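A.B. asks: Take a look at this one; I'll ask things after.
The values are calculated or read from the model by the stated rules, or taken from the named source; none is laboratory data. No experiment lies behind these values; they were computed from the predicted model shown. Glycine gets a Cβ as well: all are built from the backbone with ideal geometry, and neighbour counts include every protein chain shown. All accessible areas refer to the heavy atoms of the entire protein, side chains included, with ligands and DNA or RNA removed. Shrake-Rupley method; radii C 1.70, N 1.55, O 1.52, S 1.80 Å.
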Amino acid sequence: MSINQSPFSRELLQWYDRHARALPWRVPPAERAAGVRPNAYRVWLSEIMLQQTTVAAVKSYFERFVNRWPEVGHLAAAPEAAVMGEWAGLGYYARARNLHACARTVSERFGGEFPQTAAELKTLPGIGDYTSAAIAAIAFDEPAAVVDGNVERVVTRLLALATPLPSAKKAIRTEVERLTPHLRPGDFAQAMMDLGATVCTPTRPACVLCPVRAHCRAAAAGTQEQFPVKPPKAAVPTRKGAAFVAVRRRDGAVWLRRRTEKGMLSGMSEPPSSAWNARADGATGAGAAPFAAAWRLCGPVAHGFTHFKLDLEVWRADVDADPPIDGWWSRSADQAGEALPTLMRKVLKSALADSADSLS
Ligand code: SF4
């Protein structure tokens, strides 16, 4: 199950040295090797902007922010309206508010210097597991496991991980922790991101160009596009209920009522029906009828809603008097104009097809 750590990180970093993406917040590997340190403010700003947004969309925003506010102290001192104005168009405005709050916290509590560990970074507004690990690794070379969506995909392929996401997250993190070297952990994190973004892409990964192909189980088996495994769709639950169609003997009219204003099909018309629940314990039988009559079972009606399937037992009674519950008679000719949902039209069709005792 394991991947030989040293050759893996060495081969990946050699590839990164040649193919690293040039990004405005990034220190290129050659400069990094010459001792240039990434600026934590720029790393943080880019990571916040990149949450749920693409590199292409972020670049111009990043340039505008760092031109207008070159240091975290400048951003902290800016009016919130100005920050929100520059952010406009990036979406997720809570992030812009957190960004500003974080800049102020760094200025006021940390003297304008970002804390250097993932644990401390995580105490700042708007910084969670991923962002704290990314800043700690990239800006401060902490060997933190940096796992974004790209890295998840790469690792599930390296391991040919049969566990679907999100259950696989723990195994992925464990593997990234194991793979992350103590030498150049920041470049390693960025190399994994670049590999996922440019080579190990969601569809048609370019395995022939991949620097870690020798370590990849999925590529060896030719199954790379089967990973990450998606979770099976959740089974749709079935609810049960009953509908009671009273048919007036003299003209075949049916008794309808209005559903309550709350819940499914609220305010629509229906023949009286029971609550819809998951029970199959007899509560949907004739005993659940809203009034006593010679109910007879006409058959089941099934209907699919978005989140559940409904099986209704349809009961029919032929009556002469008005039922003792609120409602109205609806004759066949009037039913096209009734606010009857599809389900209730199916119910009526089922009941009226059963005409052994009816006149209509
Ligand atoms: Fe991804 Fe292919 Fe490389 Fe495996 S060999 S990590 S599937 S690009």
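A.B. asks: What size of dipole, in debye to the nearest 20, comes out for region 3-226 about its Cα centre when the only charges are +1 on Lys and Arg C-beta atoms and -1 on Asp and Glu C-beta atoms? Present the calculation step by step, with values, prior to reporting the outcome.
C.D. replies: Numbers: 25 positive and 21 negative charges, 87 e Å.
For this selection, approximately 420 debye.
A.B. asks: Something else now. Using a 1.4 Å probe and counting only protein heavy atoms, arrange Tyr93, Tyr61, Tyr130 so the residue with the most accessible area comes first. The partial results should precede the final answer.
C.D. replies: Working: Tyr93 95, Tyr61 35, Tyr130 55 Å².
So, going from the largest accessible area down, we get Tyr93, Tyr130, Tyr61.
A.B. asks: On a full-extension model of 0.36 nm per residue, what is the gain between Asp326 and Leu183, subtracting their alpha-carbon distance, rounded to one decimal in nm? Provide the component values of the computation, followed by the final result.
C.D. replies: On the way: separation 143, 0.36 × 143 = 51.48 nm, distance 7.78 nm.
Taking 0.36 nm per residue and subtracting the Cα distance, the gain is 43.7 nm.
A.B. asks: Just how many % of Cα pairs in the chain lie over 28 Å apart, if you round to the nearest whole percent?
C.D. replies: Numbers: 39034 of 64620 pairs.
The calculated P(r) of the chain puts 60 percent of pairs beyond 28 Å.
A.B. asks: Name the aspartates and glutamates eligible as straight-distance cross-link partners of Lys349: C-alpha to C-alpha under 20 Å, and not fewer than 8 places from it in the same chain.
C.D. replies: List returned: Asp251, Glu270, Asp311, Glu313, Asp318, Asp334, Glu338, Asp357.
A.B. asks: Note down the net charge around Asp251, summing +1 for each Lys or Arg and -1 for each Asp or Glu among other residues with Cβ under 12 Å from its Cβ. Intermediate values should be presented prior to the final figure.
C.D. replies: Numbers: positive: Arg248, Arg249, Arg250, Arg331; negative: Asp318, Asp320, Asp334.
Its environment carries a net charge of +1.
A.B. asks: Would you mind checking the radius of gyration and Dmax of region 221-360 based on alpha-carbon positions, in Å?
C.D. replies: Computed over the Cα atoms of region 221-360, radius of gyration and Dmax are 18.8, 74 Å.
A.B. asks: Another question, if that's okay. What residue among Leu209, Leu195, Leu13 has the largest mean-square fluctuation in a Gaussian network model of the chain, using Cα springs under 10 Å?
C.D. replies: Leu209
A.B. asks: Only helical DSSP H runs with n ≥ 4 go in: add -39500 (n - 2.57) per run for the chain, normalise by residue count and round the 222 nm mean residue ellipticity to 500 deg cm²/dmol.
C.D. replies: On the way: 14 runs with 144 residues, N = 360.
After summing the helix terms and dividing by the residues of the chain, the value is -12000 deg cm²/dmol.
A.B. asks: Right, here's the next one. Based on the mean of other Cβ atoms within 10 Å per residue, sort peptides 95-104, 295-304 so the most packed one is first.
C.D. replies: Values: 95-104: 19.8, 295-304: 15.2.
My ranking of the peptides, most packed first, is 95-104, 295-304.
A.B. asks: How many angstrom lie between the Cα centre of region 318-357 and the Cα centre of region 118-178?
C.D. replies: 59 Å
A.B. asks: State the antiparallel share, in %, of DSSP beta bridges confined to the chain, rounding to the nearest 5.
C.D. replies: Details: 16 of 27 bridges.
Roughly 60 percent of the beta bridges in the chain run antiparallel, per DSSP.
A.B. asks: State the percentage of accessible surface on the chain attributable to carbon and sulfur atoms; use a 1.4 Å probe and exclude ligands, DNA and RNA.
C.D. replies: Working: 9430 of 17590 Å².
Summing carbon and sulfur atoms, their accessible area is 54 percent of the total for the chain.
A.B. asks: Hey, can you find the accessible area per residue of the chain for me, probe 1.4 Å, expressed in square angstrom?
C.D. replies: 49 Å²
A.B. asks: So which of Lys122/Lys170; Lys59/Lys233; Lys230/Lys262; Lys169/Lys309 end up more than 27 Å apart by C-alpha?
C.D. replies: Details: Lys122/Lys170 19 Å; Lys59/Lys233 37 Å; Lys230/Lys262 35 Å; Lys169/Lys309 31 Å.
Violating the 27 Å limit, Cα to Cα: Lys59/Lys233; Lys230/Lys262; Lys169/Lys309.
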